[in-house]
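A.B. asks: Sharing a structure below in C-alpha cells format, with a few things to ask.
The values are calculated or read from the model by the stated rules, or taken from the named source; none is laboratory data. Owing to the predicted nature of the structure, the values given are computational and were not obtained by experimental measurement. Quick reminder, even Gly has a Cβ in these numbers, built from the backbone with ideal geometry, and neighbours come from all protein chains shown. We work out accessible area using only protein heavy atoms, side chains counted, and drop any ligands, DNA or RNA first. Shrake-Rupley method; radii C 1.70, N 1.55, O 1.52, S 1.80 Å.
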Amino acid sequence: MACPGCATVSNRVHSTYGRCLADTPVGDRPVLIELTMRRLYCENVRCPRRTFAEQVKGLTVRHGRRTPAARRVLEAVAVALGGRAGSRLAAVLHTRVSRTTVLRTVMALPDPGWTVPKVPCRRLRRSTRAALRHRAHRLRDRTQRSGPLRLVDPRQSPCL
C-alpha cells in the first residue's frame, strides 16, 4: 500500500480497526459491509504523515460511511426531494438517513456549470437620448457582476 503523502510503499502495520459501510439494498434487504482495515506506518522519514489508513479502491473513501453506489442513490434522492421528503423516500429504499444528512448531501454536491446570459441592449427614444447627452450618468457595465459603478459618458455608450 502506498502512502498518500509521499507515495512510498509500506507493509508495516500500525494497527487494525473495524469499519462498516452501507450499500444499496439487495432483494428488499439492507446491506451492511463490515471491513477490517489496516493502519500502516509510512517508512519515509521525511514524510509529514507518520501513519495512514489503507483504502479499498472503488469501495471506500476517507471518512465515508457509504459505498459509492449508495452515495449516488442518496444524492439522486436528495436533489429530487430534499429534507424530510428525501429522508422518507430513503427509508423506503432501506437507507436510514436524517433530513439534515439529506440536506448536507445536496450541499456537498458541486454547483452545476452555468454561463452569464447576454442581455441585448435596447435603443432609447430620441427625447431620452437628448436628455442624457447633457450629463454623465452612472451606468453599470453589463459584463461586470459586482463592484463599484463606473462613470460612463452617454455619448460613447453603445446603448445610448
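A.B. asks: Is it the case that segment 106-114 has a residue that's within 30 Å of C3 (Cβ to Cβ) and either outside any helix (DSSP H, G or I) or open to solvent by less than 60 Å² (accessible area, probe 1.4 Å) (or both)?
C.D. replies: Within segment 106-114 (the criterion being within 30 Å of C3 (Cβ to Cβ) and either outside any helix (DSSP H, G or I) or open to solvent by less than 60 Å² (accessible area, probe 1.4 Å) (or both)), the answer is yes, since at least one residue qualifies.
A.B. asks: Do you know which residues across segment 1-22 are among the β-branched types (V, I, T) and under 20 Å from L35 (Cα atoms)?
C.D. replies: Selection gives V13, T16.
A.B. asks: Let me ask another. Out of (1) open to solvent by 90 Å² or more (accessible area, probe 1.4 Å); (2) touching a residue at least 40 places away in the same chain (Cβ under 8 Å); (3) within 25 Å of A91 (Cα to Cα); (4) not aromatic (F, W, Y), the odd one out for T24 is which?
C.D. replies: (1)
A.B. asks: Given the residues L74, L89, L32, which is the only one that is open to solvent by 60 Å² or more (accessible area, probe 1.4 Å) and in a helix (DSSP H, G or I)?
C.D. replies: Unique residue meeting the criteria: L89.
A quick yes/no check of all residues on (1) assigned to a strand (DSSP E or B); (2) among the polar types (S, T, N, Q); (3) at negative phi; (4) touching a Ser or Thr at 6+ places or on another chain (Cβ under 9 Å):
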{"residue": "N11", "(1), (2), (3), (4)": "no, yes, yes, no"}
{"residue": "Y17", "(1), (2), (3), (4)": "yes, no, yes, yes"}
{"residue": "D23", "(1), (2), (3), (4)": "yes, no, yes, yes"}
{"residue": "T36", "(1), (2), (3), (4)": "yes, yes, yes, yes"}
{"residue": "K57", "(1), (2), (3), (4)": "no, no, yes, no"}
{"residue": "R62", "(1), (2), (3), (4)": "no, no, yes, no"}
{"residue": "A70", "(1), (2), (3), (4)": "no, no, yes, yes"}
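A.B. asks: Suppose the filter is polar (S, T, N, Q), assigned to a loop (DSSP other than H, G, I, E, B) and open to solvent by 100 Å² or more (accessible area, probe 1.4 Å); does T95 pass it?
C.D. replies: Criteria not met by T95.
Okay, residues lined up against (1) closer than 30 Å to C6 by Cα; (2) of a type in the set (G, A, S); (3) over 24 Å from the mean Cα position of the chain (by Cα):
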residue	(1), (2), (3)
E54	yes, no, yes
R65	yes, no, no
A70	no, yes, no
E75	no, no, no
A85	no, yes, no
L93	no, no, no
T100	no, no, no
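A.B. asks: Can I ask one more? When you check R19 against the structure, is it of a type in the set (D, E, K, R) and open to solvent by 50 Å² or more (accessible area, probe 1.4 Å), yes or no?
C.D. replies: no
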